[in-house]
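The values are calculated or read from the model by the stated rules, or taken from the named source; none is laboratory data. The model shown is predicted, which means the values in this text are computed figures rather than measured ones. Heads up: the accessible areas ignore ligands, DNA and RNA and are worked out on the full protein's heavy atoms, side chains in. Shrake-Rupley method; radii C 1.70, N 1.55, O 1.52, S 1.80 Å.
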Amino acid sequence: TTFYGAISGEAYICGVAGERFCIRNSGLYAVVEGVGDHGCEYMTGGRVIVLGKTGRNFAAGMSGGIAYVYDEDKTFRDKCNMDMVELEKVKEKDKDTVYHLLQNHFKYTKSRKAEKIINNMNEELEKIVRVIPIEYKRILEGIEAEEKLNLVGVFNG
């Protein structure tokens with residue numbers, strides 16, 4: 001178990017983590033080359049990028065945060081617990097975050113996987129799956145809609 005209940009910070013791991021990576025993560029931004037079973041279980045916040053395979057039951061009970069999984073061989077869906085999450089393509093608004101985290105991952109670890117993705121970003125982004133909790137997505141969409149209508153802060157003074 002690594003980063004159980006992490007609340008902030010960044011972590012870059014050039015290697016594969018064991019089981020229960022980033023469970024109950026509420027604010028950590030992390031990049032790892034792969035994870036065992038139960039990755040991002042009960043995650044409530046933060047961002048996690050997995051640059052390789054995951055074990056079974058990924059995202060079980062995940063209610064917040066966003067995970068990005070580099071699904072080069074298209075096997076991730078079968079390992080993801082789909083009870084509370086949706087799988088999507090990386091959104092335009094996420095690209096800066098993903099790029100920044102990959103740049104830092106390469107900077108600190110010299111990861112060949114990160115370098116490959118960075119050097120071919122447009123093509124490789126198509127292989128990254130965005131894992132987002134359904135209710136969390138609705139909340140984010142509501143906030144974005146309010147911001148577009150300039151309603152945020154109207155009733156706060």
(request) Report, in degrees rounded to the nearest 10, the 0 to 90 angle that the Cα long axis of helix 134-148 makes with the longest principal axis of the chain. (result) 50 degrees
(request) Kindly report the accessible area of the stretch 1-141 per residue (heavy atoms of protein chains, probe 1.4 Å, no ligands, DNA or RNA), in Å². (result) 49 Å²
(message) Distances longer than 27 Å among the Cα atoms of the chain: what percent of all pairs is that?
(response) 20 percent
(request) Looking at the chain, send over the antiparallel percent of its DSSP beta bridges, to the nearest 5. (result) 35 percent
(message) To test your reading of the geometry: what angle, between 0 and 90 degrees and rounded to tens, separates the Cα axis of helix 95-109 from the longest principal axis of the chain?
(response) 40 degrees
(request) Take the solvent-accessible surface of the protein heavy atoms, probe 1.4 Å, and return the percent of it on the chain that carbon and sulfur atoms account for. (result) 49 percent
(message) As a quick test, which of the pairs Lys79/Lys148; Lys53/Lys137; Lys107/Lys148; Lys89/Lys116; Lys116/Lys148; Lys53/Lys95 have an alpha carbon distance above 30 angstrom in this structure?
(response) Lys79/Lys148; Lys107/Lys148; Lys116/Lys148
(message) Taking every pair of distinct Cα atoms and averaging 1/r, then inverting, what Kirkwood hydrodynamic radius in Å comes out for the stretch 13-74?
(response) 11.0 Å
